[in-house]
1. Going through Lys127, Lys167, Lys163 one at a time, which residue ends up being of a type in the set (Lys, Arg), out of contact with any strand residue (DSSP E or B) (no Cβ under 8 Å at 6 or more places or on another chain) and either surrounded by 15 or more Cβ atoms within 10 Å (Cβ to Cβ) or at pLDDT 85 or above (or both)?
2. If I go through segment 32-66 residue by residue, how many of them are over 19 Å from Ile175 (Cα atoms), touching a Leu at 6+ places or on another chain (Cβ under 6 Å) and in contact (Cβ under 8 Å) with a residue 60 or more places away in the chain?
3. With the requirement that a residue be over 14 Å from the mean Cα position of the chain (by Cα) and over 20 Å from Ser119 (Cβ atoms), what does segment 41-77 give you?
4. Tell me the helices (runs of 4 or more DSSP H) entirely within segment 1-117 that contain at least 2 residues that are at pLDDT 60 or above and touching a Lys or Arg at 6+ places or on another chain (Cβ under 7 Å).
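The values are calculated or read from the model by the stated rules, or taken from the named source; none is laboratory data. On a predicted model such as this, the values are computed, not experimentally measured, just so you know. Note that we place each Cβ from the backbone using ideal geometry, even for glycine, and neighbour counts take in every protein chain shown.
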Amino acid sequence: MKIILTFLILVNISFSQVKDIYEYGGLLTERISRMNKEFIHNNPHAFADSVFSFALSLADSNKSDALLFSAIAVMPFKDFKVSIPFVGFKLNLKFFNRVEEEIFKKKMEILPSKIFDDSPETEFGDKDKWVHFFISAFLSYHFGEAFADYFGLFVENFEEEFKVDGKVDLRDISINRNGAEFGKLLRCNFINPSVILAKEKALRYGENINN
């Protein structure tokens with residue numbers, strides 16, 4: 001996933017976006033740090049809606065910018081290392097230099113760790129899945145759902161060649177596909193992330209979301 005975010009930064013630069021993604025991502029990070037932890041952990045889908053809604057307000061309703069701001073804000077790492085295959089060249093990338101350590105730690109406490117029923121029963125759990133969702137949505141919004149799906153699968157299959165640390169699991173692929181569907185639908189209509197996340201939960205666990 002870290003290599004995908006690197007890709008997104010390059011895409012954003014190529015689009016010559018006016019807004020500073022780090023500044024607005026930092027503002028959104030501060031907003032997340034002030035959310036009600038108990039409510040968010042009990043309502044992870046509402047968390048996604050709240051993040052995207054505030055991102056839209058920062059982005060003057062620009063959906064593309066809002067998706068990118070959201071992806072930056074929900075990153076569960078302040079910095080990370082990536083290595084280039086074959087040549088062994090390593091990069092150390094930092095995304096939250098402008099965010100105070102205390103604010104970042106508070107955000108990490110707020111990020112819901114339980115997205116799926118089979119999310120790991122650990123403190124970190126599936127906190128990293130939120131960035132998967134918003135990045136895949138961004139890719140799908142610009143390049144189409146098929147591209148987002150294929151690109152996500154490519155990275156999941158070859159991620160260990162690029163990354164210094166971290167492992168891949170099947171929930172990465174699942175949340176990538178959720179994000180890709182969200183991005184596709186967002187091109188034509190406004191919808192909340194919870195619509196897609198609730199649909200995914202119903203399909204995975206046989207729930208009736210109409211009740």
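1. Unique residue meeting the criteria: Lys127.
2. Within segment 32-66, residues that are over 19 Å from Ile175 (Cα atoms), touching a Leu at 6+ places or on another chain (Cβ under 6 Å) and in contact (Cβ under 8 Å) with a residue 60 or more places away in the chain number 1.
3. Correct list: Ser53, Phe54, Leu56, Ser57, Leu58, Ala59, Asp60, Ser61, Asn62, Lys63.
4. On the way: elements: 2-14, 21-33, 37-42, 44-58, 63-73, 101-110.
Ranges flagged: 21-33, 44-58, 101-110.
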